[in-house]
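Written out below as structure tokens is the structure these notes cover.
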Amino acid sequence: MSGHDVLSLFQGIQTLVEAPPVITVARIGFMVLGMFLVYLGKKGVLEPLLMVPMGLGMSAVNAGVLVLDNGKAGTLFLDPLVTDQEHLFSLLQIDFLQPIYTLMFSNGLIACFVFMGIGVLLDVGYVLARPFLSMFLAICAELGTVAVFPIAVALGFSYNDAASVAMIGCADGPMVLYTSLMLSKDLFVPIGVVAYLYLGLTYGGYPYLIKFLVPAKLRALPMVEKKVLVVTSAEKLAFAVVGCTVLCLLFPVAAPLFFSLFLGVAVREAGLHYFVDFIGGPLLYGATLFLGLILGVLCEAATILSPKVLLLLILGMVALLLSGIGGIVGGYLVYFFGGRKFNPVIGIAGVSCVPTTAKVAQKSVSEVAPNVVILPVALGANISGVITSAILTGIYVTIIPHLIK
Amino acid sequence: MNSALFVTFFIAGLAFALSMLVAAMIKLVYYTVRFFTAIKEPKS
């Protein structure tokens, strides 16, 4: 029995040995990175609900490479690059995650499920209490989503790819996935992975950005509420219905996302407890599990290795950084033009990573002034951030294809 | 590159205008619902 025959018994190792050195190194790197992500998820540094399935999927898919019938290396997880319908049909019967990828992921259904879940968790009363302030802060916190677009074009990305990369700045995973699925199918795997990896960084990086840009004296500024506006569930439901209809009318391309978000809000405000329990529980957590799993499995070295990945990593970081800065600048504008009674830290909550950025803002304030509460105002900006992200998704997905015709 | 900058400013302006439109719509919906609720349930 020759060495080759022995190796063919262990095809994971055989494909590792026989692959080009770049792929071999990348596969080993991804296996280790996957394990590290599981560790970071367990430690709570990154979001465990996503990172544990994603990390495990990443390690497993890069380890479990075998020689397929056609003599090429591949896996029995899924093939994201298949285009031929006949081949896809046979893969649906072979690759165990292919049905979920084809029928739920590549058409954005998982992103819509996550959005329904987010809608159920949102209390739009915070937005209804101060709509102009909340929306202003949220649009300022989209600075990265807008400013990275020309930077990416200058670096050689096409308009479609640049728009998808820029969307990382909105810090809203489903929106990034949806935009890249619509505009740049070739890059949506690395863009999706980079976006979800970076969402965890808002926990770790934004507190330092706040400390750097806002002095302790301003961070400790108490918010004086003139009067607390009571918003009834009927008003919230009416907003969800009208808001959904108007936004779908304006941006039909992003209508599935708008509909999913406002369906969650409407179900919550209509008091449909069975639906709330289902959407906020099994549906949201089931979709999150498969989202993490599919994202991890998509990180197969041969699929994700692209010369553009390093650029994506840098641009994603720049986008999130600019969005954070934009949010704080928005907070400062309200502070200066609003009689110096507004805590500028609230601006960063406009970055629509619900509810992470609102919590980060409150935590940064509590460190210097434990009795100051900014969370209600921050949550208003935070929820508005989801709406402005959806608006920008709609704009990019609608306008960019017309520009390149 | 110039056209990319033009697109960027156009997108930023449109996003800002739509955000303010949504904020105005929120206010409108809020006061409309308030109005009809007030008619239905007069203060004692």
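The values are calculated or read from the model by the stated rules, or taken from the named source; none is laboratory data. Computed from a predicted structure; not experimentally measured. Here the Cβ is made from the backbone with ideal geometry for all residues, glycine too, and neighbour counts use every protein chain on show.
Structural remarks
- Within region A:361-374, the set of residues being among the aliphatic types (A, V, I, L, M) and under 22 Å from the mean Cα position of the chain (by Cα) comprises just one member, A:ALA361.
- Some residue of region A:264-271 being β-branched (Val, Ile, Thr), within 20 Å of the chain's Cα centre (by Cα) and within 14 Å of chain B (Cβ to nearest Cβ): yes
- Exactly one residue out of A:VAL309, A:VAL351, A:VAL368 is among the β-branched types (Val, Ile, Thr) and in contact with a Pro (Cβ under 9 Å, 6 or more places away or on another chain), and it is A:VAL309.
- Residues that are farther than 12 Å from A:LEU320 by Cβ and small (Gly, Ala, Ser) were ranked within region A:154-171; the one that is farthest from the other protein chains (Cβ to nearest Cβ) is A:SER164.
- Of A:PRO190, A:PRO150, all but one fail to be part of a helix (DSSP H, G or I) and either touching an Asp or Glu at 6+ places or on another chain (Cβ under 6 Å) or modelled with pLDDT of 90 or more (or both); the exception is A:PRO150.
- Matching residues, region A:101-131, being β-branched (Val, Ile, Thr) and in a helix (DSSP H, G or I): A:THR102, A:ILE110, A:VAL114, A:ILE118, A:VAL120, A:VAL127
- Residue count for region B:1-19 under the criterion of being among the hydrophobic types (A, V, I, L, M, F, W, C), under 20 Å from A:ALA141 (Cβ atoms) and loosely packed, with under 15 Cβ neighbours inside 10 Å: the result is 3.
- Residues that are surrounded by fewer than 17 Cβ atoms within 10 Å (Cβ to Cβ) and more than 9 Å from chain B (Cβ to nearest Cβ) within region A:226-252 comprise A:LYS226, A:LYS227, A:VAL228, A:VAL230, A:SER233, A:THR245, A:LEU249, A:PRO252, listed in sequence order.
- Residues in region A:86-100 that are acidic (Asp, Glu) and outside any helix (DSSP H, G or I): A:ASP95 alone.
- Subset tally (residues that are without any contact (Cβ under 8 Å) to a residue 60 or more places away in the chain and part of a helix (DSSP H, G or I)) for region A:333-355: 2
- Of all residues in region A:120-137 being under 18 Å from A:GLY331 (Cα atoms) and more than 7 Å from chain B (Cβ to nearest Cβ), the one that is surrounded by the most Cβ atoms within 10 Å (Cβ to Cβ): A:LEU137
- Only residues that are at the interface with chain B (Cβ under 9 Å from one of its Cβ atoms) and among the small types (Gly, Ala, Ser) were counted across region A:138-151, and they come to 2.
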